[in-house]
Structure formats: structure tokens, C-alpha cells
Amino acid sequence: MKKKRILFTGGGTAGHVIVNLALIPVYQRDGWEIDYIGSKDGIEKKLIGKLEGVTYHPISTGKLRRYMSKENFKDPFKVLKGTMQAARIIGKRKPSIIFSKGGFVSVPVILAANLKRVPAVIHESDYTPGLANKIAIPFAKKVLATFPETMDFLPEKKTEYVGAVIREELFQGDKKKGLAFAGLTKEKPVLLIMGGSGGSRKINETVRESLPQLLDTLQIIHICGQGNVDSAITEKGYAQFEYINEELKDIFAASDYVLSRAGANAIFEFLALQIPMLLIPLSKQASRGDQIINARSFKEKQYAQVLEEEDLTRDSLVKELTKLKEKAPIIRDKMKEYKSEKARDRVIEILKEIQK
């Protein structure tokens, strides 16, 4: 009997990979052959390339910039090359279904899927669709939304609200292991700081300036991004890491509060785990403003406090974290009202319904 095959794509940031990481184990347990198309050197290669039972295929891809650059003239040719490469991979591997998490690497894959007449499903995590997904949506069979409000921005006939897909292993974290991994104790609550998969210079600098005040009442786990660990800082109760992967579930279990960017996948994971959050969304100068909208939505629902990056200083950070600690009981109560729609199971049902 011929084995069933699924092809995943998505990359550029960890947020464009996390949902795929949540779905891949399900298909592995069910005996599917799994392929993944990503970029040659993106974070998706680091996260997916080492998974057993997943064949990783790198392709050429352009970066979809919203600003003037001479690279913009090269990118259409890179996308065309990537589409041809993806079409060859799809033709050779013959997947029954393609699942895209977005990011610029996904555009050639969805275009190639359309050429090869393989049904493709796109998952949009953010409140409003990103540029890559906007380009790809006309060529997809189905589009899935994380925020119910996102339905207003997507074609009604092919869109369904499914909610956030959460990695099941995150619910299996061990607080003791997390504290031990970070070299911390049970004496003070733990603040987890995450600046996104690339880190954040301003968040890193402001946190380190604020350590004398913060460490009076908190212990800190700081995931600061590649090359951003400051080995000169040796204060007790402050643990720095470039990146955490396998131990992340234990780190989450050990965390009482989190300071984070406002990428949709991350904030929905904190919500599901009921960790009160202070969100510092990427500014419009550094993004299309999607994180600002995500953060605003969570603040309105009383899941989070928000501090705009333009307002981030040592004093404002300490002040907002103090507020977060005070409001944490109310935030946790609100978080308990959030009901998971079993999004992962619904996504799998949809993929099964439309597979070739």
C-alpha cells in the first residue's frame, strides 16, 4: 500500500515554523511520509532539519520587502527560481496535501502547488494577513485563521476560524527541571524574557540596565538571541541563553511572568499556559505593524499589559512589570476563561477532507 505524504512549508521566523512543529508529530504517529520545503539558511532549517523522519528541501526565495532596495529587483527572479524548484520537488515527492505557515519562503511553494494541482492550506496566525499570505491566498484551497477577527480580512468562501494551534509538549513542562536548567531557585518568582527568534537589541539593553531593580523581587531567564549573551554579567538570579529549544517546555513551566514580543503563536502559547505577559510589540518602523494589533487585541481581552517600544526605558520597564505583578491574579482569571477550540484536531480534519 502506498504511504500517504504531506508537505509542509513556512519560515523566516520561528513564528512561521511553530505550528508546523505542532502538527508534524501527529502525522509521524499516523505513518505519513513528511517533506518540508524551506530556505537554505533560515531558522526553519535549524528547527526542522534535525527532525527524524522529515525530509528537508531548501529552495531559492526572495524577501518580500516593504521598502526600496536594489534587492527588490532580484527577488522576482529568486521567487521564480524557487517556484521551479518547488514544482520539481512536488512533482517528484507527490504529496497528497500541502500545509503552509506563511513567510516569504512559502510563496514559491504555494504557486508550485497550484501549478501541480496539489491542494494547499494556508494558516494565518496574525490578526491581519501578512504580505506573503496575501500573495499566496488566491492560489490556496483553504485559509485558516487564528483570531476570529481575521475573518474580516480574508475571502469568506475559503476561510475558516480554527483558533491557535498549540504544541502539545508545552503542557508537559516540569518546573523543577526548568529552574535547575536555568540555575535558579524557588525563592523568588521567575520572569521569562523573549525578544523573538532574532532577539531584540533594545529589549536586551533595557533589561540589563534594569537588573539592579528587577533582581530585588524577581529571578530572570533571558532568551536574548544569537550572539547576544553578555558574559560580563554574572548577577545571581539572572540566566542568559541565546536560544532554548528542547528545554523550552520546562522553562515555560518555571515562569511566573513573561516579557515578550507580540508574535501571534508565542502569545497564544502563553495564553494557553496562563502566563501573564507584558508585550513589547515590534514597532511600525521595523514591521508592518501586525504585532501592535496582536498586542492591542490581547490587552483589550485583559490577557496582557502592553508597552510600546518607543516608550521603552529602564523606568517604564520597571513600572510596567510592577503593574503586571499586581494585575497577575486578574489576568490569570481572564486567561482561564479562554477555551481552546482544539484547533490542532480541526486543522487535521480539514487537511484530511481536502487531501488529494
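The values are calculated or read from the model by the stated rules, or taken from the named source; none is laboratory data. All of these numbers come straight from a predicted model, not from anything done at the bench. Note that we place each Cβ from the backbone using ideal geometry, even for glycine, and neighbour counts take in every protein chain shown.
If the Cβ limit is 6 Å and pairs must be 6+ apart or interchain, which residue in region 33-48 that is closer than 7 Å to VAL105 by Cβ and assigned by TED's automatic domain parsing to the domain that holds SER96 pairs with which residue that is surrounded by fewer than 20 Cβ atoms within 10 Å (Cβ to Cβ) and at pLDDT below 95?
Note: pairs meeting the criteria are GLY38/LYS45.
Of everything in region 256-295, what is closer than 15 Å to ILE330 by Cβ and buried (at least 20 other Cβ atoms within 10 Å of the Cβ)? Give them in sequence order.
Once the filter is applied, which keeps residues that are closer than 15 Å to ILE330 by Cβ and buried (at least 20 other Cβ atoms within 10 Å of the Cβ), region 256-295 yields TYR257, LEU271, ILE275, PRO276, MET277, LEU278.
I need every pair where a residue in region 192-214 that is under 15 Å from GLY237 (Cα atoms) and of a type outside the set (Val, Ile, Thr) has its Cβ under 9 Å from the Cβ of a residue that is part of a helix (DSSP H, G or I) and modelled with pLDDT under 90, sequence separation at least 6 or different chains.
The qualifying pairs do not exist here.
When the residues of region 213-236 are filtered to those that are assigned to a loop (DSSP other than H, G, I, E, B) and within 27 Å of the chain's Cα centre (by Cα), which remaining residue is farthest from GLU269 (Cα to Cα)?
Out of the qualifying residues, it is ASP230.
Being among the polar types (S, T, N, Q) and surrounded by 24 or more Cβ atoms within 10 Å (Cβ to Cβ) is the filter here, so list the residues in region 9-28 that pass it.
Passing the criteria: THR9, ASN20.
Among THR159, THR128, which is the only one that is touching a residue at least 60 places away in the same chain (Cβ under 8 Å) and of a type in the set (S, T, N, Q)?
THR128
Which residues, taken from region 311-341, are among the basic types (Lys, Arg) and free of Cβ contacts under 8 Å to residues at least 60 places away in the same chain? Even if it seems obvious, please write down each step before you answer.
Step one: list which residues in region 311-341 are among the basic types (Lys, Arg), which gives 314, 319, 323, 325, 327, 332, 334, 336, 339.
LYS319, LYS323, LYS327, ARG332, LYS334, LYS339 - these are the residues of region 311-341 that are among the basic types (Lys, Arg) and free of Cβ contacts under 8 Å to residues at least 60 places away in the same chain.
Determine whether THR150 is without any contact (Cβ under 8 Å) to a residue 60 or more places away in the chain and within 30 Å of ASN204 (Cα to Cα).
no
Residue-wise test of (1) more than 24 Å from the chain's Cα centre (by Cα); (2) assigned by TED's automatic domain parsing to the domain that holds HIS123; (3) closer than 30 Å to VAL143 by Cα.
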position	(1), (2), (3)
GLU310	no, no, no
VAL318	yes, no, no
LYS325	yes, no, no
VAL347	no, yes, yes
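For the subset of region 296-311 comprising residues that are buried (at least 16 other Cβ atoms within 10 Å of the Cβ) and of a type in the set (S, T, N, Q), which member is farthest from PHE268 (Cα to Cα)?
Selected residue: GLN305.
List the helices (runs of 4 or more DSSP H) that sit entirely inside region 104-206 and contain at least 3 residues that are in the same structural domain as GLU310 (by TED's automatic domain parsing) and surrounded by fewer than 22 Cβ atoms within 10 Å (Cβ to Cβ). Reasoning before the result, please.
Working: elements: 106-115, 131-136, 175-182.
Because the criterion is at least 3 residues that are in the same structural domain as GLU310 (by TED's automatic domain parsing) and surrounded by fewer than 22 Cβ atoms within 10 Å (Cβ to Cβ), the helices (runs of 4 or more DSSP H) in region 104-206 that meet it are 175-182.
Could you list, in sequence order, the residues of region 256-298 that are of a type in the set (A, V, I, L, M), out of contact with any Asp or Glu (no Cβ under 8 Å at 6 or more places or on another chain) and under 20 Å from GLY10 (Cα atoms)?
Scanning region 256-298 gives ALA262, ALA266, ILE267.
Which one is modelled with the highest pLDDT, of the residues in region 58-99 that are under 27 Å from the mean Cα position of the chain (by Cα) and aromatic (Phe, Trp, Tyr)?
Out of the qualifying residues, it is PHE99.
Just wondering, is there one or more residues in region 312-333 that are on the phi > 0 side of the Ramachandran plot and either at pLDDT 95 or above or of a type in the set (Val, Ile, Thr) (or both)?
no
Please verify whether GLN219 is crowded, with 24+ Cβ neighbours inside 10 Å and not charged (D, E, K, R), treating the condition exactly as stated. Give the derivation first.
On the way: crowded, with 24+ Cβ neighbours inside 10 Å: yes; not charged (D, E, K, R): yes.
It is true that GLN219 is crowded, with 24+ Cβ neighbours inside 10 Å and not charged (D, E, K, R).
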